[in-house]
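Novice: Below you'll find the structure I mean.
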Amino acid sequence: MQNPHAYCTYFDSGYLSRGVTLIASLRAHGDDSPVWIMALDDIARDYLMDAAIPGVHVISVAALEAVIPELGPLRATRSRMEYYFTCTPLLIRYVMDQAASGTAVIYLDADLYFFDDPSAVLTAMGSSSVGIIEHKYPTRLQRRLAKYGRFNVGWVGFADDAEGRAVLDFWGSSTLEWCSDTPQDGKYADQGYLDRFPAFPGVAVLPSPGMNLAPWNTSGHNLGTDARGTVLVGDAPLVFFHFHGLKRSGRWWISAQLVYGAGMGAVLRDHVYRPYIEHLERVASVIADSPLAPPTAISKRGVGLRGVVFRAQASVIKGVAILTRSALPAGRASR
């Protein structure tokens, strides 16, 4: 896949600092491509509109609902997260339709962060029309996590051609039909459908371990640094890391490493998590100084009994993470 390309993502005010930090990491590595953000609440929308970040286009959920009439009614039958997951392929298609003809569109989760040139991922796609990335679960986790799919939805790219649009249209119609946050019959939210992508022509599975390194796969790789300080995943440079599950809790940033039975060695702690948290805190400080600053709490996932279970687990994980150095102190990440 070659230029031109555009990115899209979505987040609410709870993830505002993460989304802005993601964009900053793209820019820091020379990628000035347009970024389309679907703001999931008014607070995020108002801040982003006021900030007027160069190259960023902000839309509301209502804009997507206006062009996809069957989307809006699903709010009444799906949870908040399920509704957002439903929107993933629909947002990609919306951006593709709005952008200049031939513009490839890449979806990014808001909790990604680039450590190297983003074009490396596009280069890996070559002439393919769709790019997807495996979870790369270590063997000990494969059986446990298979229900969430072979591929991760954090980075998914589509060329604006017949093959790319065919896969994208399949994905969009599928999430409109079913998008439960509970794995069922080989499906899971928006992500499980990616397992069916390789059956389509023009789909590339991107092989580099340095793309979408994440808490669920770090234990399966040897991490190091070269003479320039570049983080290496085996022999490959770390292009981007997926900071899934990283949460601020009081005076600590708690990683999700232990959720997947993975520790946090020196390279991961000092060259991956630490610089990200430092950058995230700088961005959060700028946002906090704005008159449009949102509440600082991250949106809670889960309601009722499910929410209680999530938060009980989080409390246990926090304690263990601090004891095992899988957490970093908030506000002191640079020390």
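Novice: For Cys179, only one of the following conditions fails: (1) crowded, with 17+ Cβ neighbours inside 10 Å; (2) touching a Gly at 6+ places or on another chain (Cβ under 8 Å). What is its number?
Specialist: (2)
Novice: Looking only at region 176-202, how many residues end up being closer than 24 Å to Arg80 by Cβ, acidic (Asp, Glu) and outside any loop (DSSP other than H, G, I, E, B)?
Specialist: The number of residues fulfilling the criteria is 1.
Novice: If you don't mind, there's one more thing I want to ask. Of everything in region 26-43 that's crowded, with 21+ Cβ neighbours inside 10 Å and either under 13 Å from the mean Cα position of the chain (by Cα) or β-branched (Val, Ile, Thr) (or both), which residue is nearest to Phe115 (Cα to Cα)?
Specialist: Applying the filter and picking the extreme gives Val35.
Novice: Can you tell me how many residues within region 18-58 are assigned to a helix (DSSP H, G or I) and among the aromatic types (Phe, Trp, Tyr)? Full working, then the answer.
Specialist: Here is the first cut: in region 18-58, the residues assigned to a helix (DSSP H, G or I) are 18-28, 42-51.
Subsequent filtering for residues that are among the aromatic types (Phe, Trp, Tyr) retains 47.
Number of matching residues: 1.
Novice: Which residues, counting only those in region 103-134, are closer than 20 Å to Tyr276 by Cβ and part of a loop (DSSP other than H, G, I, E, B)?
Specialist: Passing the criteria: Asp109, Ala110, Asp111, Phe115, Asp116, Asp117, Pro118.
Novice: Now a separate question. Name the single residue, out of those in region 44-56 being in contact (Cβ under 8 Å) with a residue 40 or more places away in the chain and out of contact with any strand residue (DSSP E or B) (no Cβ under 7 Å at 6 or more places or on another chain), that is surrounded by the most Cβ atoms within 10 Å (Cβ to Cβ).
Specialist: That would be Tyr47.
Novice: Taking only region 211-258 into account, find how many residues are surrounded by 23 or more Cβ atoms within 10 Å (Cβ to Cβ), of a type outside the set (A, V, I, L, M, F, W, C) and more than 11 Å from Leu268 (Cβ to Cβ).
Specialist: Counting residues in region 211-258 that are surrounded by 23 or more Cβ atoms within 10 Å (Cβ to Cβ), of a type outside the set (A, V, I, L, M, F, W, C) and more than 11 Å from Leu268 (Cβ to Cβ) gives 2.
Novice: Restricting attention to region 125-148, report how many residues are among the small types (Gly, Ala, Ser) and farther than 28 Å from Thr103 by Cα.
Specialist: Within region 125-148, residues that are among the small types (Gly, Ala, Ser) and farther than 28 Å from Thr103 by Cα number 1.
Rule-based calculations on the coordinates, nothing more; no lab input. Values in this document were obtained by computation on a predicted structure and should not be read as measured data. Here Cβ is always computed from backbone atoms with ideal geometry, including for glycine, and neighbour counts include all displayed protein chains.
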